[in-house]
1. Evaluate segment 261-274: report whether one residue or more is surrounded by 19 or more Cβ atoms within 10 Å (Cβ to Cβ) and within 27 Å of PRO357 (Cβ to Cβ).
2. Using the structure shown, decide if ILE97 is among the hydrophobic types (A, V, I, L, M, F, W, C), outside any helix (DSSP H, G or I) and either farther than 21 Å from VAL21 by Cα or touching a helix residue (DSSP H, G or I) at 6+ places or on another chain (Cβ under 8 Å) (or both).
3. Which residues, taken from segment 202-250, are among the charged types (D, E, K, R) and part of a loop (DSSP other than H, G, I, E, B)?
4. Output the helices (runs of 4 or more DSSP H) that fall wholly within segment 257-316 and possess 1 or more residues being closer than 18 Å to ASN332 by Cβ and either of a type outside the set (Asp, Glu) or touching a Leu at 6+ places or on another chain (Cβ under 7 Å) (or both), or say none.
5. Within segment 52-70, take every residue that is buried (at least 17 other Cβ atoms within 10 Å of the Cβ) and of a type in the set (Gly, Ala, Ser) and give me the one that is nearest to THR5 (Cα to Cα).
6. Quick check, is MET327 touching a residue at least 24 places away in the same chain (Cβ under 8 Å), farther than 24 Å from MET207 by Cα and in a helix (DSSP H, G or I)?
7. Tell me, which residue of segment 349-400 that is part of a helix (DSSP H, G or I) and aliphatic (A, V, I, L, M) is surrounded by the most Cβ atoms within 10 Å (Cβ to Cβ)?
8. Within segment 14-21, can one find any residue that is of a type in the set (Lys, Arg) and at pLDDT 90 or above?
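The values are calculated or read from the model by the stated rules, or taken from the named source; none is laboratory data. In this text the structure is predicted, and so the values were computed from the model without any measurement. Note that we place each Cβ from the backbone using ideal geometry, even for glycine, and neighbour counts take in every protein chain shown.
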Amino acid sequence: CDQITDKALQLLGQSQCKLEVLILNRLSNVTDIGVHAITSGQDALQMLHIKHLAKVTQAVLNSIVAPKMWSFCFKTNAKSWCSGTVMANFLSKNPSIKELKLQTDVEHVPVIAQNLQDSLEELKTNFQSMMDSDIDALADYCPNLKRIDLNGAKNIGKESLIKLFQACTQLEELDLGYCSRLSIPPECEVLWTLPQSLVSLSLCGLMLQDGQILVECITRLPHVTSLKLCGVPGLNDCTLAQIVEQIGCQITELNVSGIGVNVITDVGLQSVAKFCTSLECLHISLLRQVTGQSLKPIFLDAKRASKIRVLSVNSKMMDVGMLDLIMSSCPNLETLDLSGLSDVTDTMVMDLADHAPRLSQVNLKSCKLVTDTAICYLCGICPLKSLCLSGLHSLTDKSIFCIASSCPQLEEIYLNGCACVSPVAVQYLRDCCLGRLYASHSIPNAKPNQLMAKNLDTGEYCRADLL
């Protein structure tokens with residue numbers, strides 16, 4: 001927002017208001033001066049997020065003293081924006097931080113661990129260059145860690161992780177996706193030591209070939225409810241069946257989407273339908289041989305279907321009859337991904353709108369049979385917040401005007417490749433939304449003579465060149 005400047009933040013700071021939550025996001029005209037003015041003296045602050053402020057430097061950390069602050073987030077495009085000394089000084093003045101999200105150098109991890117110690121519960125940073133010594137520091141100083149995302153940490157190995165798991169007995173959420181060193185013996189044996197306190201586990205992209213280790217490490221977790229296993233070579237129809245047969249009743253979120261592998265078929269999903277009786281979120285994207293027919297028991301059972309909130313079924317062989325069943329059977333559906341399914345029609349989308357009144361996030365990318373008719377009907381019923389319509393070449397400004405009048409809470413929309421949608425209509429949509437709308441609309445050269453004007457009879461803006 002270009003209207004927020006240093007002066008605006010200085011005036012707010014001078015009012016001596018006591019803030020508990022402060023989020024500064026994408027403010028291109030704000031510098032260290034403005035951030036210093038609004039954060040100085042805010043001793044009641046509990047949550048502070050500073051995101052993508054291009055003119056802000058590490059100097060802002062010196063003015064932040066908030067003994068009650070439990071959540072701090074700092075995101076920037078700069079790789080080395082903060083020195084270890086400044087980071088240590090900031091953390092020493094804010095020792096109550098439980099949730100820390102930083103884009104920072106990995107050498108700061110020991111500094112973070114030594115300063116926050118027992119207070120730290122969640123750490124999210126760039127772990128791709130993380131070494132075993134950094135994991136050792138977390139194990140030594142942060143026994144109360146509950147959530148850690150190690151996605152892409154290709155250098156960490158068995159010994160340091162075993163030490164971390166033994167020290168952090170309250171760990172609830174763990175992401176080991178793409179930790180390539182753990183995919184081969186003997187390093188993969190660390191999976192047998194996963195903390196039994198885990199509720200959510202992601203192994204996405206872990207090139208683990210040993211299906212037996214995969215089954216054993218997951219089925220020994222008594223509290224796990226969320227599993228993300230997409231792209232794991234050791235996962236196939238047989239190992240998936242063994243997993244869900246033992247712990248399927250407790251799983252509420254399951255992601256077995258394909259990433260470069262093609263080992264899950266309808267046979268494996270039949271076990272999911274049989275044993276996963278509490279599913280709320282299901283992702284079966286990019287599975288080349290899946291038709292979805294074996295999942296019918298979930299959607300034919302009104303009680304089970306009513307639990308489904310998130311669904312991603314964009315596998316290219318999905319059966320049309322199965323899609324029809326999905327559209328009409330999930331009354332509490334909130335998120336649906338149908339991207340790339342060429343069989344999705346206007347009738348299906350309209351049926352979805354009639355039966356899923358809570359739908360807020362829809363992905364119809366490249367569903368080329370979908371037209372303005374379905375989009376206008378959908379946005380008139382559902383409280384949409386996120387909409388992906390990229391690749392719908394027949395879509396016109398009519399849909400944009402309908403969205404503008406019916407979805408004031410829209411937060412993001414993707415219209416890439418929609419050449420019949422004019423940039424001026426997208427800007428009109430931005431103006432109509434209550435919040436700051438993110439709109440992605442990359443198209444070939446726009447059609448000439450596009451002109452927006454106000455219809456004096458109706459009071460609405462419309463494409464004058466279409467009248």
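1. yes
2. yes
3. Of everything in segment 202-250, those that are among the charged types (D, E, K, R) and part of a loop (DSSP other than H, G, I, E, B) turn out to be ASP210, ARG220.
4. 296-300, 302-305
5. Among them, the one singled out is SER63.
6. Answer is yes for this residue.
7. ILE400
8. yes
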